[in-house]
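What follows is calculated from the coordinates using simple rules that are stated; it is not laboratory data. Only a predicted model underlies this, so the values are computations on that prediction, with no experimental measurement involved. Every residue, glycine among them, receives a Cβ derived from its backbone with ideal geometry; neighbour counts consider all protein chains shown.
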Amino acid sequence: MSIYGSAVKNPVTTIMLFVGVIVFGIYSFIKLPIDFYPEMEYPAIMVFTSYTGANASDVERNISEPLENSLNTVSDVKQISSVSRDNVSVITLEFEFGVSLDAAANDVRDALSLITSFLPEGAEDPVIFKFSTNVMPILFYAVTAGESYAGLENELEEKVVNPLNRIEGVAAITLFGVPTREVTVNIDPRRLEAYNLTVEQIGSVLGSENLNMPLGSMDMGEMSYPLRVQGDHDLPEAARPEEGGQGQQRTGHEQQCVGRPQAQFAWCGQRPSAPERKQ
């Protein structure tokens with residue numbers, strides 16, 4: 001007797017079997033675990049290269065084109081595209097699905113090592129970035145301050161970032177957007193011309209006087225004391241160059257130093273700091 005004939009002659013048994021299959025499927029669907037943020041790797045690698053002071057055309061000619069020519073030798077590359085902007089070059093290599101990104105990154109690194117020495121002197125070494133959901137933040141917090149932004153970073157580090165870092169499963173927490181102090185030097189061009197000075201000279205004097213340099217160590221008995229020159233400026237008034245020798249006249253009259261905090265972006269009309277959490 002065929003299975004079809006048995007099903008027709010025993011309808012109750014057939015219905016019970018189908019009901020059991022349906023109930024088992026519903027139960028399995030309810031108990032099925034769900035990953036809200038599954039790990040995925042898009043088969044693409046980005047190469048960032050910084051070239052400070054160069055415009056987009058110089059970056060394309062001196063950075064993007066040589067790197068693209070060298071990266072064309074990498075195997076399993078589906079497509080190569082580049083974006084050249086002022087000061088930065090971004091090259092994207094798209095690979096075929098199924099290619100190991102770790103092995104592809106090693107091939108890209110080997111190809112870059114052959115051309116890095118031929119890049120312009122002011123260009124930094126290329127940085128390789130692999131696409132992965134593990135490096136993407138899953139949660140953002142925007143924090144504002146009602147009274148003072150100066151101590152906001154310390155408060156967030158102690159009361160938000162450090163406790164969250166101790167939670168199991170949290171990979172990294174990045175704090176960005178905190179107000180940073182900025183010192184603006186306003187120079188009187190007429191007095192600058194009268195003293196036969198340039199803005200570059202003023203900048204070099206400020207830079208040379210704003211240094212912390214180690215000087216070695218000094219041994220006294222069984223103790224050794226490290227020595228250093230602490231020359232960084234804590235206050236805007238301390239950044240005023242003083243009267244020097246010939247060629248370095250008093251420039252305190254030509255400039256005005258103003259210190260103020262600088263926020264990097266705005267949120268709801270206010271200046272927030274934003275910690276991001278990666279898991």
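Applying a DSSP loop filter and a limit of 11 other Cβ atoms within 10 Å to the trypsin sites (Lys or Arg not before Pro) in segment 161-210 leaves R166. The amide H of D86, built 1.01 Å from its N in the peptide plane, has A56 as neighbours under 5 Å, considering only residues 5 or more places off or on other chains. Here the Karplus relation 6.51 cos²θ - 1.76 cosθ + 1.60, evaluated at θ = phi - 60°, turns the backbone of segment 81-90 into coupling constants of 9, 9, 10, 10, 10, 4, 6, 8, 10, 10 Hz, with x for every Gly and Pro. Length available on full extension from I3 to D76: 0.36 nm per residue minus the Cα-Cα distance, which gives 21.1 nm.
Order 14-26, 46-58 from most to least packed using the mean count of other Cβ atoms within 10 Å.
Details: 14-26: 10.7, 46-58: 15.9.
Going by the mean number of other Cβ atoms within 10 Å, highest first, we get 46-58, 14-26.
Amide hydrogen proximity for F131: with H placed 1.01 Å from N in the peptide plane, the residues at 5 or more positions away or on another chain lying under 5 Å are A44, M46.
Once the chain from K159 to D58 is taken as fully extended at 0.36 nm per residue, the excess over their C-alpha distance is 31.8 nm.
Tell me the relative contact order for segment 47-160 as a rounded percent, counting alpha carbon contacts under 8 Å between residues six or more apart.
On the way: 134 pairs, mean separation 35.4, N = 114.
That works out to 31 percent.
Could you order the peptides 199-209, 59-69 from most to least packed, using the average number of other C-beta atoms within 10 Å per residue? Don't skip to the answer; put the middle values down first.
On the way: 199-209: 13.3, 59-69: 18.6.
For the peptides 199-209, 59-69, the packing ranking is 59-69, 199-209.
Between A105 and Y27, the distance separating the two model label sites (each 7 Å from Cα on the Cα→Cβ line) works out to 4.4 nm.
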